[in-house]
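Engineer: Sharing a structure, written as structure tokens. Questions coming.
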Amino acid sequence: MNLKELYQEIILEHGKNPRNLRKTENFNKDAKGNNPLCGDNVHVYLKLNDQRKVEDISFEGSGCAISMASASIMTDLIKGKSDNEAKEIIEDFLGMIKENPELKNNILKEDDKTKLMCLSGVKQYPMRVKCATLSWHTLVSAMENDGKEITTEN
Amino acid sequence: MNINNIRKEFPIFDEKIQNNDLVYLDSANSSQKPKVVLDRINDFYSKQFSNVGRSIHYLAVAATNLYENTRTSVQKYINAKDKNEIVFTKGATEALNLVANTLGQAILEPNDEILITELEHHSNYVPWHFLRKSKNIKIKFAEINEDGDIPIENIEKEITDKTKVIAITHLSNVTGAVLPIKEITQLAHSKGIVVVVDGCQGGPHLKLDMQDLGCDFYAISCHKMYGPTGLGVLYGKKKWLEQLPPYQGGGGMINEVKKDRISYGELPNKYEAGTMATAQVIAFDQSIKFLESIGIDNVIKHEKELIEYGQEILKKNNSVKLIGNPKERGGVLSFTVEGVHPHDIATILDETGVAIRAGHHCCQILHDKLGIPASARASLGVYNTKDDLDKLNEGINNCKKIFDL
Ligand SMILES: Cc1ncc(COP(=O)(O)O)c(C=O)c1O
């Protein structure tokens, strides 16, 4: 195990100064997620325009450095993408955290992929995987807009 | 009391945990087990095993006697009047569910009030919450003061002529506050209110004397008292256990079963339906002997020294904020570190073998009140040393370094 791999500079920086930590005005999709184990929670807001492009995405909530950084990086990378592209990125990220050594999508630029890969350190910390994935699962729920509250225990 | 000898009784301290010596500061969650307890489980299964209370062959009778011996040991240890006031359960959680459920059936009417506190663990809230739905009873919360204590006035304030039960923790698993159960019980009884105590943290850290406390029910978690998992104890005054209905139905708890009628067994069988955690009960006798061999007064003295030392070093560490400053604190130091989330603290400490807990510790009401989603908690057992607390402090400093604070 290696703390340096878990707490990389980018993670610490995003954890300290999370991007898009606010509430999107005129959002048209949103969902809440929580981690009952630790009480962490996140609320993701999304504005999809008529061309089904993510015009804005933001989040509110509190959590550990990993979960804040993950939500921060996620919102940064998803903004401006189409909903299909967003779905592909989400699936790719969750697949990488779960088992894949690399990201496979061709949507993100290399340096964005590098940023995302910084979160791969959690793979060595099974109890922390949920911290990294909560906001992503919540985003899925928001996009499907089924209003279902996500909990990491499901 | 010789701490080195005590530590030697716990085999886990001979293990390397991810190449580190173990600094175990999570005993409020569950304590480590002394060798005598582990050996007893193994011995019982290897040499003496049989189910209890059913067959009449030699092993069955011997096992039943061993099982009942533990009941007598517990009775003596907590100074209960009668051995039938001791009921074994699968944990304190089940003990509290048993009380809430049966009191709910027997004495509670719609609009009656249960008074609990903001310190309660979910297992002393959720079972009462069920009665909101099924019986339309109300739950009130006695508030903590700024020290994380519940002064008796805060209890008294919430009592109305509808209050039927006060369900309250003996020792908070977050702030460490020791509550004045004796005084609360006197107050409650003067108004005809039943007192149920969540004694999970009282069990390992305080002297247990049911005659002195006077409460009607007291729930104990054996796995926090150097005993096996899967076992709890419910102490209940005989007049209550006799009067209340059974909780679970099945073998062992009956007297006579006919197609048109069933009568229930006497205490304590009435509340011990099905095959019980036999080996755990028998091994728990060793946990009590272990505690008695040290002497609870020595345990209290040792842990008090550690708590004072822990408070001292953590108060000196700027950016650490201790949660609560109760008049009497037992066994628990919860804290936050400015700029580092408790989960990150726990992960970083773990890297050097320091095991703490992070989260809301099953006390979400309390954390909401404190305005924090989570806290870090170092909790003590009889095997801890000042050195353990120094390592905790070093770990916190390491967090600050990683987070550049
Ligand atoms: C104060 C308190 N009450 C209840 C419980 C639950 O006890 P058990 O694990 O025996 O069900 C705990 C332990 O987590 C506790 O600390």
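Engineer: Where in region B:357-375 does accessible area fall by at least 20 Å² between the isolated chain and the complete protein assembly, at a 1.4 Å probe radius?
Structural biologist: Residues meeting the cut-off: B:H360, B:P373.
Engineer: Right, something else. For B:Y309 paired with B:K289, estimate the spin-label separation in nm (one decimal), with each label point 7 Å from Cα along the Cα-to-Cβ line.
Structural biologist: So the label points at B:Y309 and B:K289 sit 3.0 nm apart.
Engineer: Would you work out the charge dipole size for region B:38-292 about its Cα centre, treating the Cβ of every Lys and Arg as +1 and the Cβ of every Asp and Glu as -1, and quote it to the nearest 20 debye?
Structural biologist: 980
Engineer: Which trypsin sites (Lys or Arg not before Pro) from region A:98-135 combine a DSSP loop assignment with at most 10 other Cβ atoms within 10 Å?
Structural biologist: Taking region A:98-135 and a limit of 10 other Cβ atoms within 10 Å, the loop trypsin sites (Lys or Arg not before Pro) found are A:K109.
Engineer: Suppose R0 equals 22 Å. What FRET efficiency, 1/(1 + (r/R0)^6) with r the Cβ-Cβ distance, do B:N69 and B:V36 give to the nearest 0.05?
Structural biologist: Step by step, r from the Cβ atoms, then E = 0.90.
Engineer: Run through the DSSP bridge list for region B:149-250 and note the antiparallel percent, rounded to the nearest 5.
Structural biologist: So the antiparallel bridges in region B:149-250 amount to around 45 percent.
Engineer: Classify region B:165-241 from the C-alpha gyration tensor, please: rounded if a/c falls under 1.5, else prolate or oblate depending on whether a/b exceeds b/c. Write down the numbers at each step before the final one.
Structural biologist: Numbers: a/c = 2.21, a/b = 1.43, b/c = 1.55.
The shape class here is oblate.
Engineer: Still on this structure, please answer the following. Shielding by partners for B:342-351, please: the mean number of other protein chain Cβ atoms within 10 Å of each residue's Cβ.
Structural biologist: Per residue, the average neighbour count from other chains is 6.
Engineer: Further question: What is the packing order of peptides B:242-248, B:369-375, B:222-228, taking the mean over residues of other C-beta atoms within 10 Å and listing the highest first?
Structural biologist: Values: B:242-248: 16.0, B:369-375: 19.4, B:222-228: 27.1.
By packing density, highest mean first, the sequence is B:222-228, B:369-375, B:242-248.
Engineer: One quarter of the convex hull surface, Cα atoms only: what value does that give for chain B in nm²?
Structural biologist: 20.7
Engineer: Return the whole-Å distance between the Cα centroid of region B:183-244 and the Cα centroid of region B:61-139.
Structural biologist: Each part reduced to its Cα centre gives a spacing of 8 Å.
Engineer: Figure the gain on full extension for B:R54 and B:E338 (residue separation times 0.36 nm, minus the Cα-Cα span) and round it to one decimal in nm.
Structural biologist: 96.4 nm
Engineer: So what's region B:299-357 giving for Cα Rg divided by 2.2 N^0.38 Å, two decimals?
Structural biologist: Details: Rg = 12.3 Å, N = 59, 2.2 N^0.38 = 10.4 Å.
With N residues counted in region B:299-357, Rg over 2.2 N^0.38 Å equals 1.19.
Engineer: Roughly to the nearest percent, how much of the accessible area of chain B is carbon and sulfur, given a 1.4 Å probe?
Structural biologist: Details: 8000 of 16790 Å².
That share works out to 48 percent.
Engineer: Where is the GNM fluctuation largest for chain B (alpha-carbon springs, 10 angstrom cutoff): B:Y264, B:Y125, B:Y67?
Structural biologist: Per the Cα network of chain B with a 10 Å cutoff, B:Y264 tops the list.
Engineer: Residue separation times 0.36 nm, minus the C-alpha to C-alpha distance between B:K90 and B:V126: what's the value?
Structural biologist: 11.3 nm is the gain from fully extending B:K90 to B:V126.
Engineer: Taking only the Cα atoms of region B:85-139, how large is their convex hull per residue, in Å³?
Structural biologist: That works out to 86 Å³ per residue.
Engineer: Using the Kyte-Doolittle scale, find the helices of chain B whose mean hydropathy is at least -1.0 and whose Cα atoms extend 27 Å or more along the helix's long axis, counting only whole DSSP H runs.
Structural biologist: Flagged H segments are B:58-78, B:296-316.
Engineer: Order the peptides B:37-47, B:52-62 from the highest to the lowest mean number of other Cβ atoms within 10 Å of their residues.
Structural biologist: Highest to lowest by the protection proxy: B:37-47, B:52-62.
Engineer: Right, something else. Mind pulling up the Rg/Rh value for chain A? Radius of gyration and Kirkwood radius, both on Cα.
Structural biologist: Rounded to two decimals, Rg/Rh equals 0.93.
Engineer: Now, a different point. Working from the alpha-carbon coordinates of the protein assembly as shown, get Rg over Rh, Rh being the Kirkwood radius.
Structural biologist: Values: Rg = 26.2 Å, Rh = 25.8 Å.
With Rh from the inverse mean 1/r over Cα pairs, Rg/Rh is 1.02.
Engineer: Using a probe radius of 1.4 Å on heavy atoms only, what accessible surface per residue do you get for chain B? Whole Å² is fine.
Structural biologist: Heavy-atom accessible area per residue stands at 41 Å².
Engineer: At a 1.4 Å probe radius, carbon and sulfur cover how many percent of the accessible area of chain A?
Structural biologist: Its accessible area is 46 percent carbon and sulfur atoms.
Engineer: Sticking with this one: Residues of region B:384-405 losing 40 Å² or more of accessible area relative to the isolated chain, 1.4 Å probe, heavy atoms only?
Structural biologist: Those are B:I402, B:F403, which lose 40 Å² or more relative to the chain on its own.
Engineer: Looking at chain B, send over the antiparallel percent of its DSSP beta bridges, to the nearest 5.
Structural biologist: Of those bridges, close to 60 percent are antiparallel.
Engineer: What list of whole percents do you get for P(r) of region B:1-85, with Cα-Cα distances grouped in 5 Å bins up to the one holding the largest distance?
Structural biologist: Going from the shortest bin to the longest, the percentages are 3, 11, 13, 16, 16, 16, 11, 8, 4, 1, 0.
Engineer: Starting from the amide H of B:E328, placed 1.01 Å from N in the peptide plane, find each other amide H under 5 Å away whose residue is 5 or more places distant or on another chain.
Structural biologist: Those lying under 5 Å, H to H, from B:E328 are B:V178.
Engineer: Hey, can you rank A:62-72, B:18-28 by average C-beta count inside 10 Å, highest first?
Structural biologist: A:62-72, B:18-28
Engineer: Further, regarding this structure: On the principal axes of its Cα set, how long, how wide and how thick is region A:1-73? Give whole Å, largest value first.
Structural biologist: 46, 26, 18
Engineer: Please get the size of the charge dipole for the protein assembly as shown, origin at its Cα centre, with Cβ charges of +1 on Lys and Arg and -1 on Asp and Glu, quoted in debye to the nearest 20.
Structural biologist: 1020
Engineer: Okay, moving on. How about region B:144-206: which GluC sites (Glu not before Pro) there lie in a loop by DSSP and see at most 14 other Cβ atoms within 10 Å?
Structural biologist: Listed in order of number, the matching sites are B:E146.
Engineer: Quick one: if you stick a label point 7 Å off each Cα along the C-beta vector at B:D21 and B:K301, how many nm between them?
Structural biologist: Going by the 7 Å Cα→Cβ label model, 2.5 nm.
Engineer: Volume per residue, Å³, of the convex hull around the alpha-carbon atoms of region A:83-138?
Structural biologist: Given the Cα convex hull of region A:83-138, per-residue volume reads 72 Å³.
Engineer: Name the residues of region A:1-29 whose accessible area, probed at 1.4 Å, falls by at least 10 Å² once all protein chains are in place instead of their chain on its own?
Structural biologist: For region A:1-29, once contacts with the other chains are taken into account, A:M1, A:L3, A:Y7, A:L12, A:K16 lose 10 Å² or more.
Engineer: If one takes the accessible area of chain A alone plus chain B alone and subtracts that of the pair, with a 1.4 Å probe, what total in Å², rounded to the nearest 100, results?
Structural biologist: Numbers: alone 7990 and 17500 Å², together 24100 Å².
For chain A against chain B, roughly 1400 Å² becomes buried.
Engineer: Which percent, to the nearest 5, of DSSP beta bridges fully inside the protein assembly as shown are antiparallel?
Structural biologist: Counting DSSP beta bridges with both partners in the protein assembly as shown, the antiparallel share is about 65 percent.
Engineer: Using a 1.4 angstrom probe, figure out how much accessible area region A:3-143 has per residue, in square angstrom, rounded to the nearest whole. Spell out each step's value before the answer.
Structural biologist: Details: 6250 Å² over 141 residues.
Per-residue accessible area for region A:3-143 comes out at 44 Å².
Engineer: Going by Cα centres, region A:1-77 and region B:358-385 are how many Å apart?
Structural biologist: Each part reduced to its Cα centre gives a spacing of 25 Å.
Engineer: As a test of the formula, what do you get for the protein assembly as shown when each DSSP H run with n ≥ 4 contributes -39,500 (n - 2.57) and the sum is divided by the residue count, at 222 nm and rounded to the nearest 500 deg cm²/dmol?
Structural biologist: -12000 deg cm²/dmol
Engineer: Label points 7 Å out from Cα along the Cβ direction at B:K369 and B:I139: separation in nm?
Structural biologist: Result for the modelled spin labels: 1.3 nm.
Engineer: Can you run phi through the Karplus equation (6.51, -1.76, 1.60; θ = phi - 60°) for region A:130-143 and list ³J(HN,Hα) in whole Hz, with x for Gly and Pro?
Structural biologist: 4, 4, 7, 9, 3, 5, 5, 4, 5, 4, 4, 4, 5, 5
The values are calculated or read from the model by the stated rules, or taken from the named source; none is laboratory data. Nothing here was measured: the structure is a model prediction, and the numbers come from that model. With ideal geometry, Cβ positions are generated from the backbone for all residues, glycine too; neighbour counts draw on all protein chains shown. These area figures cover heavy atoms from the full protein model, side chains too; ligands, DNA and RNA do not enter into them. Shrake-Rupley method; radii C 1.70, N 1.55, O 1.52, S 1.80 Å.
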